[in-house]
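Notes follow once the structure below has been shown.
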Amino acid sequence: MPWEEVDLETWATELGVDLCELRQKDQLIDQIVTTRTELGLTQTQLAKLVGVSQPRIAQIENRVKIGTIKFDALFKILTTLGYEINIGTRRERRPDFSIAK
């Protein structure tokens with residue numbers, strides 16, 4: 001089944017991974033594939049630049065065992081492709097601490 005047809009919520013449950021984590025990894029992998037293609041790099045060339053094997057790049061791009069792919073591996077590939085990684089936080093709501101009193 002093509003990746004685009006996979007229901008992420010179902011897949012996250014089956015893999016035993018957090019849905020938000022899976023979505024974030026999916027977005028980063030999309031960026032890797034798009035950028036590699038735009039730059040005209042093969043998986044072999046990217047692997048050499050990153051310092052991993054071509055099969056590892058293929059596994060990442062094809063989302064093989066996506067639950068075990070580490071964010072730092074994705075960040076390393078993205079920085080090799082010229083991206084700056086920024087991780088930020090923002091509070092979406094004020095927490096209710098009344099139950100703690």
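All of the numbers you see were taken from the coordinates with simple rules; none came from a lab. Just so it is clear, the model here is predicted, and its values are computed rather than measured. Cβ coordinates were reconstructed from backbone atoms using ideal geometry, including for glycine residues, and neighbour counts include every protein chain displayed.
Computed quantities for the displayed model
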{"item": "MRE, 222 nm, helices only [DSSP H, n ≥ 4, -39500 (n - 2.57), over the chain, to nearest 500]", "result": "-16000 deg cm²/dmol"}
{"item": "Relative contact order of the chain, pairs being alpha-carbon contacts under 8 Å that are 6 or more residues apart, as %", "result": "23 percent"}
{"item": "For q = 0.25 Å⁻¹, Debye-computed log10 I/I(0) when each Cα of the chain counts as one equal scatterer", "result": "-1.38"}
{"item": "Positive-end residue of Leu22, Gln45, Val64, charge dipole of segment 3-81 with Cβ unit charges", "result": "Gln45"}
{"item": "Charge tally in the Cβ shell below 13 Å around Lys65, where Lys, Arg are +1 and Asp, Glu are -1, Lys65 excluded", "result": "+2"}
{"item": "Computed magnitude of the charge dipole of the chain (debye, nearest 20; Cβ of K, R +1, Cβ of D, E -1)", "result": "520 debye"}
